[in-house]
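Colleague: Below you will find the structure I want to go over with you.
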Amino acid sequence: MHIGGGSSSNKLLLKREFYISFFKFYRKHYGLFKTGLLRLLCLNQFVIKSISGNEKALWRFLLRWLLTGASEKDGLRFQSGNIDGPLTKSSSNKLMGALIILGLLFSFDLSLQASLEKNDPLLPAIQTFQQGQIQEALSLFLTILKTDPKNKAAHDYVNLIAQQLLIDQKTKAQKDRLELMVKASQELEDQRRDPRKIDDAILETTLTEKRASEQQIQTYLDQAEIEINLGHFPHAYDLVLRTLSNENSNAEAQRLLSSLQSHAREEIDQNQSLSTTVRYVLEGFYQYAQANYEAAAPEWKKAHEVGGSSIGSFYFEPYEKIALAHVAENQERLGQQKLFQEGLTYYSQGRFSRALEVFRQLAIENPDYPELASYLPRAEADAEEERTRFMNEKRKAQIATLYNQSISAMEHSQYAEANTLLLELLKLDPTHPQARSYLLVVQAELQRRHDPKIAEQHYKNGIIAYAGGKLEEAEREWRITLRMDPTHFKAQKALSKVEKEIALYREAP
């Protein structure tokens, strides 16, 4: 700037002239309220630079001017003479006032910036779009573009909305068309006419629907990229993970997920101003994307604890359910592995009866557990040998005869006779598991009552027999279950399955 043809060398007054013009421009276009907020933010910076900056005198001069009201009359058009005149010192009291204000400014700095963000018209428009209110969001973005035609984010969202509206329109038209063609094809078949042309059109419409679905996925990914650029990482995670759940090999989604992982890790590790809730949410997403569900679930649990009712806006809850299901499944699998290893330990020690108990418990939890079908029958055989080792052959034959007679009596509903036979059997062999179980059934029938608890035990006995390859015994146990509890759905289903398997086995050459 020059006055009277001479060059200016005083940076103090030039700096002040810049801020006078800047505040005037901001007040004209954005109003008094935002200009006031801007002045407070500038005051904060002037205080910092007047204490630790390279040109402390310059910033102290600007600080004193700002504290005295930042009057436009201090501008050059109100001055006479050269701009290079001497700098007048203000009282030290004003500078002390500025230093007192410094503490207040530090405490309010984040809230002031948050207020500016809240006044950003993009935020409500983006939130409306993210909530699925597409038409309302479009209206908000178009309003923004009227006052700010170069707003790139608004343009990006308008393009996304246009794509989404086009996809929705095409999807609805194709659905209506498909329904009409299916109806027409059915009518032709009813009239015994050739429907092949319409069936070809149905196939073409189905392929078009597939292309529309691919376009929808691409729209999700385009939106995810915009959200990443704007720093809206939770919503970007939701869009990318939603895509990968339907199309795991999508290269674009995998690329965006990799980018998200980098951004999230950097945000968590380096952004000290990140809120506790967002930190937990991002850490959860980061671990979930690595399939580390045991680490993701606790992070999201902590997010619930500190986030309160606003937690739904972070998009992680559907993935939290999946993570918790994986954690529960993994714990169940580990428990079954531990149970199997416990059974193996007992078996290797020759404690066959104890091993059999453990294997039976595992059969109830998971009848299809690998190697159970091998070890359960062996444990049963060895436990039986262990049990009968102390019986002579005559006593063993008596027990077998009594057992078979009691089963026959039960099958013919002769419960009184079955009760007598089972009691006699248990005198010879008090540890006989089947006899004790059947005795409870017989006594329940004699008392004319149905006991769901006993029915459930027979259902479990059937599972154990089935896991050990004893199909006929399983069938008998499940029939008893239904006799005691006709509403036992699992027993109905299991009985139907085993009956088919027995029939196939008998038909086999």
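Each reported figure results from applying straightforward, stated rules to the coordinates on display, with no laboratory input. Since we're looking at a predicted model, the values are computed, not measured. Reconstructed Cβ throughout: ideal geometry from the backbone, glycine too, with neighbour counts over all protein chains shown.
Colleague: Give me the percent relative contact order of segment 402-509, please, defined on Cα pairs under 8 angstrom at least 6 residues apart.
Modeller: 18 percent
Colleague: Right, here's the next one. Among rounded, prolate and oblate, which fits segment 275-350 when a ≥ b ≥ c are the square roots of the eigenvalues of its C-alpha gyration tensor, a/c under 1.5 means rounded, and a/b larger than b/c means prolate?
Modeller: prolate
Colleague: A further question on this structure: What's the FRET efficiency of ALA201 with SER310 using the Cβ-Cβ distance as r and R₀ = 56 Å, to the nearest 0.05?
Modeller: With a Förster radius of 56 Å, E is 0.70.
Colleague: With a/c under 1.5 counting as rounded, go ahead and sort segment 264-307 into rounded, prolate or oblate using the C-alpha gyration tensor (a ≥ b ≥ c being the square roots of the eigenvalues; past the cut-off, prolate if a/b is larger than b/c, else oblate).
Modeller: It is oblate, given that a/c is not under 1.5 and a/b is not larger than b/c.
Colleague: Once fully extended, how much extra length lies between ARG395 and GLN191, figured as 0.36 nm per residue of separation less the alpha-carbon to alpha-carbon distance?
Modeller: Between ARG395 and GLN191, full extension yields 65.8 nm more.
Colleague: Indicate the gyration tensor shape class of segment 234-318 (rounded, prolate or oblate), computed on the Cα atoms with a ≥ b ≥ c the square roots of the eigenvalues: a/c under 1.5 is rounded; otherwise a/b larger than b/c is prolate and the rest oblate.
Modeller: prolate
Colleague: Using a 7 Å offset from the Cα along the Cα-to-Cβ direction at both THR147 and ARG436, what is the distance between the two label points in nm, to one decimal?
Modeller: 8.2 nm
Colleague: If only Cα atoms are counted, what is the Rg of segment 376-415, and what is its Dmax, in Å?
Modeller: 13.0, 34
Colleague: Turning to a different aspect of this structure: May I ask which residue of ALA355, GLN337, VAL278 lies farthest towards the positive end of the charge dipole of segment 244-360, with charges of +1 (Lys, Arg) and -1 (Asp, Glu) on Cβ and the Cα centre as origin?
Modeller: ALA355
Colleague: What FRET efficiency would be calculated for the residue pair GLU317, GLU266, taking the C-beta separation as r and a Förster radius of 25 Å, to the nearest 0.05?
Modeller: Using R0 = 25 Å, I get an efficiency of 0.50.
Colleague: Length gain on complete extension for the stretch GLN169 to ASP74, per 0.36 nm per residue less the alpha carbon to alpha carbon distance?
Modeller: Separation in residues times 0.36 nm, less the Cα-Cα distance, equals 28.1 nm.
Colleague: Can you list, bin by bin at 5 Å, the percent of alpha carbon pairs in segment 346-477, starting at 0?
Modeller: Here the calculated profile for segment 346-477 is 2, 10, 17, 20, 21, 16, 10, 3, 0, 0.
Colleague: Of LYS24/LYS49; LYS24/LYS150; LYS427/LYS453; LYS338/LYS460; LYS470/LYS493, which sit over 19 Å apart, Cα to Cα?
Modeller: Going by Cα-Cα distance, LYS24/LYS49; LYS24/LYS150; LYS427/LYS453; LYS338/LYS460 fall outside the 19 Å limit.
Colleague: At a Cα cut-off below 17 Å, give the aspartates and glutamates reachable from LYS301, other chains included and same-chain residues fewer than 8 away excluded.
Modeller: GLU283, GLU317, GLU320
Colleague: Go through segment 346-433 and name the trypsin sites (Lys or Arg not before Pro) that are in a DSSP coil and have 11 or fewer other Cβ atoms within 10 Å of their Cβ.
Modeller: Sites meeting the loop and neighbour criteria: ARG389.
Colleague: Could you tell me the convex hull volume per residue, in Å³, taken over the Cα atoms of segment 250-392?
Modeller: Cα-based convex hull of segment 250-392, divided per residue, equals 165 Å³.
Colleague: Looking at the calculated P(r) for segment 438-497, what percent of the C-alpha pair distances fall above 13 Å?
Modeller: 53 percent
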